[in-house]
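Just below is one structure, and these are the notes that go with it.
The values are calculated or read from the model by the stated rules, or taken from the named source; none is laboratory data. Quick caveat: nothing in here was measured; it's all calculated off a predicted structure. When we count neighbours, we look across all protein chains shown, and the Cβ atoms used for this are built from the backbone with ideal geometry, even at glycine.
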Amino acid sequence: MSFVISGLPQEEFAPLFGLSEEELRARGVIRKIANAKPGYPCRVTLEDAEPGESVLLFNYESHKADSPYRLAYAIYVREGVGKAQSFTDELPPVFKGRPIALRIFDKNGMLIGADLDLAGDLEVKIERAFDDRQVAYIHAHNAMHGCFAAEIRRG
């Protein structure tokens, strides 16, 4: 089963790029400078920021479904980043070397399954989830910190 993992649209965050610390603070956003790699996973490019690169940290509603599983949590976006990246039938760099939790949803935004990858067979788990026709999409989360990593759809 083919799948696509997509970053968030840059246009959603572009109005934050270049704002002053005070303007960001008024919006609940914190500017940080990446001091290690990995450590600051960008949700647009699905790559870790390079050390010295500016990132924005803020609360983001990743699951906007009208269901009890609606969810918002902290994410990073590289400041000034370009177009969102997508990966077909392959894992983005930001998934590699991290334990990833999968939350599996139906078309109504209801959780119908979950999985956890610690052993490096995430592609197999994604494909297996999509074998079930009730699965509409999957949200990948960093298992240790709990933050949204990316959405996965059928290819």
Exercise. Identify all residues within region 98-131 that are more than 18 Å from SER67 (Cβ to Cβ), of a type in the set (Asp, Glu) and surrounded by 13 or more Cβ atoms within 10 Å (Cβ to Cβ); write none if there are none.
Key: ASP115, ASP117, GLU123, GLU127
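Assess whether ILE104 counts as being in a strand (DSSP E or B), under 15 Å from ILE152 (Cα atoms), aliphatic (A, V, I, L, M) and in contact with a Phe, Trp or Tyr (Cβ under 9 Å, 6 or more places away or on another chain). First the steps, then the outcome.
On the way: in a strand (DSSP E or B): yes; under 15 Å from ILE152 (Cα atoms): yes; aliphatic (A, V, I, L, M): yes; in contact with a Phe, Trp or Tyr (Cβ under 9 Å, 6 or more places away or on another chain): yes.
Taking the combined requirement at face value, the residue satisfies it.
If I go through region 143-152 residue by residue, how many of them are surrounded by fewer than 20 Cβ atoms within 10 Å (Cβ to Cβ) and in contact with a helix residue (DSSP H, G or I) (Cβ under 9 Å, 6 or more places away or on another chain)? I'd like the intermediate steps shown before the answer.
Just the residues of region 143-152 that are surrounded by fewer than 20 Cβ atoms within 10 Å (Cβ to Cβ), to begin with: 143-147, 151.
Imposing the further condition that a residue be in contact with a helix residue (DSSP H, G or I) (Cβ under 9 Å, 6 or more places away or on another chain) reduces the set to none.
Matching residues across region 143-152 total 0.
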Practice problem: Quick one: count up the residues across region 90-122 that are farther than 25 Å from GLN134 by Cβ and in contact with a Leu (Cβ under 7 Å, 6 or more places away or on another chain). | Solution: 4
Quiz item: From the set of residues in region 25-41 that are within 15 Å of the chain's Cα centre (by Cα) and free of Cβ contacts under 8 Å to residues at least 60 places away in the same chain, which is surrounded by the most Cβ atoms within 10 Å (Cβ to Cβ)?
Solution: TYR40
Quiz item: How many residues does region 59-81 hold that are assigned to a loop (DSSP other than H, G, I, E, B), at pLDDT 95 or above and touching a Ser or Thr at 6+ places or on another chain (Cβ under 7 Å)?
Solution: 1
Quiz item: Out of (1) in contact with an Asp or Glu (Cβ under 8 Å, 6 or more places away or on another chain); (2) farther than 22 Å from TYR60 by Cβ; (3) crowded, with 17+ Cβ neighbours inside 10 Å, what's the single condition that is false for HIS139?
Solution: (2)
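Quick check on VAL44: is it surrounded by 14 or more Cβ atoms within 10 Å (Cβ to Cβ), of a type outside the set (Lys, Arg) and in contact with a Lys or Arg (Cβ under 6 Å, 6 or more places away or on another chain)?
Numbers: surrounded by 14 or more Cβ atoms within 10 Å (Cβ to Cβ): yes; of a type outside the set (Lys, Arg): yes; in contact with a Lys or Arg (Cβ under 6 Å, 6 or more places away or on another chain): no.
It is false that VAL44 is surrounded by 14 or more Cβ atoms within 10 Å (Cβ to Cβ), of a type outside the set (Lys, Arg) and in contact with a Lys or Arg (Cβ under 6 Å, 6 or more places away or on another chain).
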Practice problem: Kindly establish whether GLU127 is within 17 Å of GLY7 (Cβ to Cβ), acidic (Asp, Glu), outside any strand (DSSP E or B) and touching a residue at least 12 places away in the same chain (Cβ under 8 Å). | Solution: no
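Return the only residue of GLY97, GLY7, GLY28 being small (Gly, Ala, Ser) and over 18 Å from ALA149 (Cβ atoms).
Working: GLY97 fails: over 18 Å from ALA149 (Cβ atoms); GLY7 fails: over 18 Å from ALA149 (Cβ atoms).
Unique residue meeting the criteria: GLY28.
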Self-check item: In region 1-41, residue farthest from LYS125 (Cα to Cα) [restricted to those that are in a loop (DSSP other than H, G, I, E, B) and in contact with a Lys or Arg (Cβ under 8 Å, 6 or more places away or on another chain)]
Solution: LEU19
Practice problem: Hey, could you check region 53-97 for residues that are within 24 Å of ILE126 (Cα to Cα), polar (S, T, N, Q) and surrounded by 13 or more Cβ atoms within 10 Å (Cβ to Cβ) and say which is nearest to the chain's Cα centre (by Cα)? | Solution: SER62
